[in-house]
1. Restricting attention to the range A:157-166, does a residue exist that is over 22 Å from A:Arg32 (Cβ atoms) and either in contact (Cβ under 8 Å) with a residue 60 or more places away in the chain or surrounded by 14 or more Cβ atoms within 10 Å (Cβ to Cβ) (or both)?
2. Find the residue count for the range B:40-57, including only residues that are within 7 Å of chain A (Cβ to nearest Cβ), farther than 16 Å from A:Leu198 by Cβ and either without any contact (Cβ under 8 Å) to a residue 12 or more places away in the chain or touching a helix residue (DSSP H, G or I) at 6+ places or on another chain (Cβ under 9 Å) (or both).
3. For the range A:148-195, enumerate the residues that are among the hydrophobic types (A, V, I, L, M, F, W, C), farther than 26 Å from A:Asp272 by Cβ and either in contact with a His (Cβ under 6 Å, 6 or more places away or on another chain) or within 14 Å of chain B (Cβ to nearest Cβ) (or both).
4. Going residue by residue through the range A:251-258, is there one that turns out to be hydrophobic (A, V, I, L, M, F, W, C), assigned to a loop (DSSP other than H, G, I, E, B) and farther than 26 Å from B:Ile40 by Cβ?
5. Please indicate, with yes or no, whether at least one residue in the range A:65-88 is at pLDDT 85 or above and touching a Lys or Arg at 6+ places or on another chain (Cβ under 8 Å).
6. Evaluate the following for A:Lys254: is it in contact with a strand residue (DSSP E or B) (Cβ under 9 Å, 6 or more places away or on another chain), more than 14 Å from chain B (Cβ to nearest Cβ) and surrounded by 16 or more Cβ atoms within 10 Å (Cβ to Cβ)?
Amino acid sequence: MITAKWLAGHHELMGVTLGTLFGFLARVVMLRSDYRQYPAYPHGKIIHLALGLIAGALGAVAVPALMSKDYTAITFLSLAAQQFREVRNMERGTLTAIDHQELVPRGATYIEGIAVVFEGRNYLSIATALLVSFAATIIGWIWGVLLGVVCMAIVLRFMKGKTIEDIAIVSFAPVEAKNASVTVGNVYIMNVGLEPDLAVIRKQAMGFLLTPVSDDAKVTLSNLGLRQAILHDLSTRLGVYRDDGEPALVPIAKLDLSTGALAVLLLPREQDKDKALKAMRDVPLLESAVRRPTKANKTKGEPNYG
Amino acid sequence: MAKIVMFLTTDPTNVSEGSAALIAKSEEELQNLTNLLEKILDCAAHKLKDGLYMVVDRH
């Protein structure tokens, strides 16, 4: 029979069990399927849950192994790191392969961002397991559980990245399509030769203007990968009025070179303005697109202006 | 970089000899031909001026 007394005598077993459990739970709460629909299928989820369990177990067993002076056990963790780099490659490979079949592709930057997140979340899962196992083994199982709950909160906080809203003011801009030219606000977007295509653009198109809030934001917004991510995300959330073999009907984003603002031309199926505005503000800011030139150019001793 | 596939025009003096070009008899025929070629070739049709279209491949 498992009693409190029995548990008190089996610190290590408790540590490993709790560590594995919380490591796995951390991966479960981080495995979300949202509008991006990835990973959406049962099998896609099973892969990541299984790897989460392995990550939890690896983190949890490291503590008792080290306590019994088995220092080589630390090589276990490097094995795990190798394994999770594979996860990143796997995600990158899958997403790149299916990207060719998308009407509006994600683009390499977005795919890389998603792949990095998959790898990173496994490490967070290991770290949770390691800490919980440590606390449960050394101090007591209650502390292990408490620390586990704290880790969950931290992990959830890590999931919230920045969005477009943090770097730009989003507003609507009128779309004009006449004389073979398409413009959003004052920004020239493209030349469309045929009148039927222009008519579709006049009817369906929605124009946005993203005005950067700082000099850093200006550089970030000009990143081509981020622009493609914006187009992909909005086309996913609002639908897209286009088909293969219709090269004129393509969502596109162009910079206003004089102000650094980004003009976005979309062809959404959903014409609800509020939904469109929310979708645009929620587009994730890609890690590899973010630039901070104002920080890089600052020399030592200069006053900090922000 | 986009590749020029062909020109379509109502006025033969718009295109030089040797370039791939279709000469249409009227503005209406020109529009029809351009529309068809856009769909057939999966290439974008651009209007350079009245009576002159260019079909380009961006793949």
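The values are calculated or read from the model by the stated rules, or taken from the named source; none is laboratory data. Computed from a prediction, not measured in an experiment: that's the story for all the values here. Methodologically, a virtual Cβ is constructed for each residue, glycine included, from the backbone with ideal geometry; neighbour enumeration extends over all protein chains shown.
1. Within the range A:157-166 (the criterion being over 22 Å from A:Arg32 (Cβ atoms) and either in contact (Cβ under 8 Å) with a residue 60 or more places away in the chain or surrounded by 14 or more Cβ atoms within 10 Å (Cβ to Cβ) (or both)), the answer is no, since none of the residues qualifies.
2. Filtering the range B:40-57 for residues within 7 Å of chain A (Cβ to nearest Cβ) gives B:42-47, B:53.
From what's left, farther than 16 Å from A:Leu198 by Cβ: B:42-43.
Now restrict to residues that are either without any contact (Cβ under 8 Å) to a residue 12 or more places away in the chain or touching a helix residue (DSSP H, G or I) at 6+ places or on another chain (Cβ under 9 Å) (or both): B:43.
Result for the range B:40-57: 1.
3. Our first condition is that a residue be among the hydrophobic types (A, V, I, L, M, F, W, C); within the range A:148-195, this holds for A:149-156, A:158-159, A:164, A:167-170, A:172-173, A:175, A:177, A:180, A:182, A:184, A:187, A:189-190, A:192, A:194.
Imposing the further condition that a residue be farther than 26 Å from A:Asp272 by Cβ reduces the set to A:149-156, A:158-159, A:180, A:194.
Residues satisfying the conditions are A:Ala180, A:Leu194.
4. Within the range A:251-258, one or more residues are hydrophobic (A, V, I, L, M, F, W, C), assigned to a loop (DSSP other than H, G, I, E, B) and farther than 26 Å from B:Ile40 by Cβ.
5. no
6. Values: in contact with a strand residue (DSSP E or B) (Cβ under 9 Å, 6 or more places away or on another chain): yes; more than 14 Å from chain B (Cβ to nearest Cβ): yes; surrounded by 16 or more Cβ atoms within 10 Å (Cβ to Cβ): yes.
The answer is yes for A:Lys254.
Residue-wise test of (1) crowded, with 22+ Cβ neighbours inside 10 Å; (2) assigned to a strand (DSSP E or B).
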{"site": "A:Tyr188", "(1), (2)": "no, yes"}
{"site": "A:Gly193", "(1), (2)": "yes, no"}
{"site": "A:Ala199", "(1), (2)": "no, no"}
{"site": "A:Lys218", "(1), (2)": "no, no"}
{"site": "A:Leu226", "(1), (2)": "yes, no"}
{"site": "A:Thr236", "(1), (2)": "no, no"}
{"site": "A:Glu246", "(1), (2)": "no, no"}
{"site": "A:Leu249", "(1), (2)": "no, no"}
